[in-house]
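Please treat every number below as a calculation from the coordinates, not as lab data. Fair warning: this is a prediction, and the values are worked out from it, not measured in the lab. Note: ideal-geometry Cβ built from the backbone for every residue, glycine included; neighbour counts use all protein chains shown.
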Amino acid sequence: MKKAKKRRSQSRIAMISITFVVGLLFVGMMGKSVALESQLSSYNSQIDDLDRQIEEEEGRTTEIDDLKEYMKTDEYVEETAREKLGLVKENEIVFKEGEDSQQEDSTSQTEDSQKDQSTQEEQKAQTESSDQEEAEG
């Protein structure tokens with residue numbers, strides 16, 4: 001009988017020990033699961049941020065491609081020549097506001113008169129060369 005009591009006592013201690021170890025493993029696994037859920041949530045938010053950045057960059061790429069195409073047009077060349085170089089078409093009058101406009105107007109008039117002179121000189125040269133060819137021929 002003493003042996004039976006002793007065995008029962010030992011088997012209870014063994015069962016309690018096993019239950020305790022299983023409980024500890026269960027708590028540890030739950031803690032790890034919570035940590036992994038938190039990490040997964042962090043990764044998902046990073047994925048969302050990166051997707052948003054990709055969309056923004058694709059939009060910028062589209063804008064840059066559109067600008068590249070526009071820069072190949074004659075309209076862009078003309079606009080740039082007007083804005084940055086101050087060029088004007090023949091027989092075109094430019095009105096500008098402020099004190100600087102008087103100086104710029106005189107500059108554009110000077111440029112226009114120089115263009116007219118160079119055009120007249122080219123016409124004279126062409127006329128003279130055609131006259132020379134007729135005289136030789």
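Could you list, in sequence order, the residues of region 69-98 that are surrounded by 12 or more Cβ atoms within 10 Å (Cβ to Cβ) and part of a helix (DSSP H, G or I)?
Correct list: Tyr76, Glu78, Glu79, Thr80, Ala81, Arg82.
Give me the pairs, please: first residue somewhere in region 86-99 and under 18 Å from Glu75 (Cβ atoms), second residue anywhere and part of a loop (DSSP other than H, G, I, E, B), beta-carbon distance under 9 Å, and either six or more positions apart or on two chains.
Sorted first by the residue in region 86-99, then by its partner, the pairs are Gly86/Val94; Val88/Val94.
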